[in-house]
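Inspection log for the structure reproduced underneath, given as structure tokens.
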Amino acid sequence: MEKAEIKTKGGVFVCEKGEKGMSIVKHRGAETVVSVPSLIENLPVSIIGKKAFLSEKKLKKVILPDCIEKIEDWAFARCSYLESITIPKKAKLGKGLFLECGRLKEIRFTQENLEMDLQLQESLPFLFAAVPVMLDAEYLFVPEEAGTKQWMQKWDARMLTILRKDDQEGYTKVILCGEEDYGNNPEEFSREKRKGKVRLAFLRLLHSYELSAEIERELKEYLLNHTKGCETEEAWEVLLLEHGEDAAYFRLFTELGCVTEENFQAILSDMKEEHAEMKAFLMRYKEEKIGFRDFFEDMML
């Protein structure tokens, strides 16, 4: 089939004409934000082809038009800096679309349901993006079902399955398959597993639509058991290294009781000279919620 190259502000699109319109088979460009045109040569763009955006390392945000009917396998795989994408809710989704897209935070839909609960409207893009990135559950990657009560229950069930797994589960398979990221270091493997669990717990508590009190308690307990000063400190490590400027995460961290008089100084020490606003927030929190010794009390120690 004859291909055509179309140059736009969003880069070069290599296209093919099909029965229902244009298919984008390849994109080239160094743009960080790409809006796919709805029309090319007066034909609607209906398909994003297999591997069309594969391994585009600079790509951070993609907006697809509502006329897209199909997004084929691995279309955005290995776009390791991709953070946000907007897709039509009606589009048929292929497999491995966001394989190795570890920074993907939100998947939005081109037409939002204005009758949807406001809390769900705000949370769904983040919960849906977690499906391919954090939950690895293709059966949840169905836009038409996203946000329904049944979908939320399945989402939470999958999250709990991950949370309750032994931290060493899967290590032998990784070694046998020759994946060398962890070498012969089972503790590093376990540490990364705990970080994944922490990310899930933070995400679900921040987007708590339809979250049961029982599950909420389990998530809070997990974070409390991995804060600064515990045997393992992944909750604090993920917060500091991945959300060091995010007030919502710090607010949740303190509300859970993860900052105490015993670990406060160690937390500030870890922050060094960085994250000034969050350090100021923690100082205010200590004064208002934890309490502090004044100068004369310190002199008496």
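Which of the numbered conditions does Glu115 fail, given that it passes all the others? Conditions: (1) among the charged types (D, E, K, R); (2) out of contact with any strand residue (DSSP E or B) (no Cβ under 7 Å at 6 or more places or on another chain); (3) over 21 Å from Leu206 (Cβ atoms); (4) touching a residue at least 12 places away in the same chain (Cβ under 8 Å).
Every condition holds for Glu115 apart from (4).
Any idea which of (1) at pLDDT below 95; (2) open to solvent by less than 40 Å² (accessible area, probe 1.4 Å) is the one Glu19 doesn't satisfy?
For Glu19, the exception is condition (2).
Yes or no: segment 63-78 includes at least one residue that is open to solvent by 50 Å² or more (accessible area, probe 1.4 Å) and in contact with an Asp or Glu (Cβ under 9 Å, 6 or more places away or on another chain).
Checked against the condition, which is being open to solvent by 50 Å² or more (accessible area, probe 1.4 Å) and in contact with an Asp or Glu (Cβ under 9 Å, 6 or more places away or on another chain), segment 63-78 yields at least one hit.
Tell me which residues, restricted to segment 207-226, are outside any helix (DSSP H, G or I), out of contact with any Asp or Glu (no Cβ under 7 Å at 6 or more places or on another chain) and either over 20 Å from Gly147 (Cβ atoms) or of a type in the set (Val, Ile, Thr) (or both).
Asn225, the sole residue that qualifies.
For Tyr171, only one of the following conditions fails: (1) farther than 21 Å from Leu99 by Cα; (2) of a type outside the set (A, V, I, L, M); (3) at pLDDT below 95. What is its number?
Going through (1) farther than 21 Å from Leu99 by Cα; (2) of a type outside the set (A, V, I, L, M); (3) at pLDDT below 95 one by one, Tyr171 breaks only (1).
Could you list all residues from segment 134-152 that are under 17 Å from the mean Cα position of the chain (by Cα) and open to solvent by 50 Å² or more (accessible area, probe 1.4 Å)?
Once the filter is applied, which keeps residues that are under 17 Å from the mean Cα position of the chain (by Cα) and open to solvent by 50 Å² or more (accessible area, probe 1.4 Å), segment 134-152 yields Met134, Asp136, Glu138.
Tally up the residues in segment 86-112 that are open to solvent by less than 20 Å² (accessible area, probe 1.4 Å), in contact (Cβ under 8 Å) with a residue 24 or more places away in the chain and either within 18 Å of His207 (Cβ to Cβ) or in contact with a His (Cβ under 7 Å, 6 or more places away or on another chain) (or both), please.
1
Which residue out of Glu188, Glu237, Glu214 is farther than 15 Å from Ile162 by Cα, among the charged types (D, E, K, R) and modelled with pLDDT under 95?
Glu188
Of the residues Glu31, Glu83, only one is open to solvent by 50 Å² or more (accessible area, probe 1.4 Å), in contact (Cβ under 8 Å) with a residue 12 or more places away in the chain, under 25 Å from Leu124 (Cβ atoms) and not polar (S, T, N, Q); which?
Glu83
Just to verify a result, which residue in segment 123-139, among those that are under 20 Å from Lys92 (Cβ atoms) and touching a helix residue (DSSP H, G or I) at 6+ places or on another chain (Cβ under 7 Å), is modelled with the lowest pLDDT?
In this case the residue turns out to be Ala137.
Please verify whether Pro125 is of a type outside the set (D, E, K, R) and touching a strand residue (DSSP E or B) at 6+ places or on another chain (Cβ under 6 Å), treating the condition exactly as stated.
Taking the combined requirement at face value, the residue satisfies it.
For Glu19, state whether it is without any contact (Cβ under 8 Å) to a residue 12 or more places away in the chain, part of a loop (DSSP other than H, G, I, E, B), farther than 22 Å from Ala129 by Cβ and out of contact with any strand residue (DSSP E or B) (no Cβ under 7 Å at 6 or more places or on another chain).
It is true that Glu19 is without any contact (Cβ under 8 Å) to a residue 12 or more places away in the chain, part of a loop (DSSP other than H, G, I, E, B), farther than 22 Å from Ala129 by Cβ and out of contact with any strand residue (DSSP E or B) (no Cβ under 7 Å at 6 or more places or on another chain).
Can you tell me which residue is nearest to Glu242 (Cα to Cα) among those in segment 47-62 that are buried (at least 19 other Cβ atoms within 10 Å of the Cβ) and more than 19 Å from the chain's Cα centre (by Cα)?
Ranking the candidates gives Phe53 first.
Of all residues in segment 1-15, how many are part of a strand (DSSP E or B) and touching a residue at least 24 places away in the same chain (Cβ under 8 Å)?
Within segment 1-15, residues that are part of a strand (DSSP E or B) and touching a residue at least 24 places away in the same chain (Cβ under 8 Å) number 5.
Among Asp270, Asp298, which is the only one that is acidic (Asp, Glu), modelled with pLDDT of 95 or more and either open to solvent by 40 Å² or more (accessible area, probe 1.4 Å) or not in a loop (DSSP other than H, G, I, E, B) (or both)? Outline the logic, then answer.
On the way: Asp298 fails: modelled with pLDDT of 95 or more.
Answer to the check: Asp270.
Looking at segment 227-258 only, could you name the residues that are of a type in the set (A, V, I, L, M, F, W, C) and either without any contact (Cβ under 8 Å) to a residue 24 or more places away in the chain or assigned to a helix (DSSP H, G or I) (or both)?
Cys230, Ala235, Trp236, Val238, Leu239, Leu240, Leu241, Ala247, Ala248, Phe250, Leu252, Phe253 - these are the residues of segment 227-258 that are of a type in the set (A, V, I, L, M, F, W, C) and either without any contact (Cβ under 8 Å) to a residue 24 or more places away in the chain or assigned to a helix (DSSP H, G or I) (or both).
The values are calculated or read from the model by the stated rules, or taken from the named source; none is laboratory data. Nothing here was measured: the structure is a model prediction, and the numbers come from that model. We place every Cβ from the backbone using ideal geometry, glycine too, and count neighbours over all the protein chains shown. Each accessible area value is taken on the protein alone, full model and side chains, heavy atoms only, with ligands, DNA and RNA left out. Shrake-Rupley method; radii C 1.70, N 1.55, O 1.52, S 1.80 Å.
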